[in-house]
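Participant: One structure coming up, written as structure tokens, with questions to follow.
The values are calculated or read from the model by the stated rules, or taken from the named source; none is laboratory data. Every value quoted in this text rests on a predicted model; they were computed, and no experiment measured them. Here the Cβ is made from the backbone with ideal geometry for all residues, glycine too, and neighbour counts use every protein chain on show. Accessible surface areas use protein heavy atoms only, side chains included; no ligands, DNA or RNA. Shrake-Rupley method; radii C 1.70, N 1.55, O 1.52, S 1.80 Å.
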Amino acid sequence: MRGGVQIMLIIPIKDGENIDRALKRYKRKFDKTGTVRQLRARQAFTKPSVVRRAQVQKAAYIQNLRDNLEG
């Protein structure tokens, strides 16, 4: 649901496509929507300072990975 409007996932299945592959594509698309993450985040209130701290830690971690990759 986005802004009170439900978004439906549509997975076109090609002729002769294995149902397992179509299901895998559906799961991948569903994960990208972030619905489950959003529901879990809404179960408990997180203070803005904690959210900010997590964002800074994540950015530092990613920057560290990039620095180590370059050399």
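Participant: For residues that are outside any loop (DSSP other than H, G, I, E, B) and open to solvent by 100 Å² or more (accessible area, probe 1.4 Å), scanning just the stretch 1-19, find the one that is modelled with the highest pLDDT.
Facilitator: Ranking the qualifying residues of the stretch 1-19, first place goes to 19.
Participant: If you scan the stretch 29-47, which residues turn out to be assigned to a helix (DSSP H, G or I) and within 30 Å of residue 12 (Cα to Cα)?
Facilitator: 29, 30, 31, 32, 33, 35, 36, 37, 38, 39, 40
Participant: Which one of the conditions (1) open to solvent by 100 Å² or more (accessible area, probe 1.4 Å); (2) in a helix (DSSP H, G or I) does residue 50 fail to meet, given that it meets all the rest?
Facilitator: Of the numbered conditions (1) open to solvent by 100 Å² or more (accessible area, probe 1.4 Å); (2) in a helix (DSSP H, G or I), the odd one out for residue 50 is (1).
Participant: Which condition number in (1) loosely packed, with under 11 Cβ neighbours inside 10 Å; (2) more than 16 Å from the chain's Cα centre (by Cα) is the one that residue 40 fails?
Facilitator: Among (1) loosely packed, with under 11 Cβ neighbours inside 10 Å; (2) more than 16 Å from the chain's Cα centre (by Cα), residue 40 violates only (2).
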